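Working notes for the structure below.
Coordinate-derived values only; no laboratory data. Since this is a predicted model, take the numbers as computed values, not measurements. For neighbour counting, all protein chains shown are included, and Cβ atoms are generated from backbone atoms with ideal geometry for every residue, glycine included.
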Amino acid sequence: MAGGGRADDDRRIGIAMDYSASSKRALDWAIANLLRRGDTLVVVHVLHHGGEEAKHALWGKSGSPLIPLSEFRDPTAMQQYGMNCDAEVLDMLDTAARQLELTVVAKLYWGDAREKLCDAVEEQKIDALVMGSRGLGSIQRYNSTPATMLAHQESNVPSLTIKLHAFGTLGNILV
């Protein structure tokens, strides 16, 4: 695994977050089924290049510094990165951090999600990556979402895609 020489109980779990219903469900699934007391949860968010490239030139290649949950919760602090957080996701992260004694950090990247998710796995030494399916069916997902496909093929760690059924129940888990 990407975690390399760390102790087995020092796990780093990544969650690809874009605030879609499926990425929120993936976070919920990871909290309920994958995360253990003391794990580190790395919330990976890939932003598209916008009009502020000069502002983010320093972080263009390697992404933002790791952002602790306390700063990730602060709307003013997050505006400097050009993003707004979702209250539901923040509540889920706060609750999980408190109940499971997690260390929660966010990492923002700018660019192509296909590449940046793989970069995040390597740079952050993520042991498993969980992501949503963006509502696509199994065939569509693998033909139309290069980010998911590349993450599954290139990341060298287990990656899970959590799919929602029409009524919001947990669907397929693809490994």
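Results, tabulated for the structure shown:
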{"read-out": "Separation of the S62 and T95 label points, Cα + 7 Å toward Cβ, nm", "value": "3.6 nm"}
{"read-out": "Gain in span if fully extended, N84 to S20, counting 0.36 nm per residue against the direct Cα distance", "value": "21.7 nm"}
{"read-out": "Under Karplus coefficients 6.51, -1.76 and 1.60, residue-wise ³J(HN,Hα) of the stretch 98-115 in Hz, glycine/proline x", "value": "6, 6, 9, 6, 7, 9, 10, 10, 10, 9, 9, 10, 10, x, 7, 4, 4, 7"}
{"read-out": "Other-chain or far-sequence residues with amide H under 5 Å of G63's (modelled H)", "value": "W110"}
{"read-out": "Residues N33 and S70, FRET efficiency given R0 of 30 Å [Cβ-Cβ distance, rounded to 0.05]", "value": "0.70"}
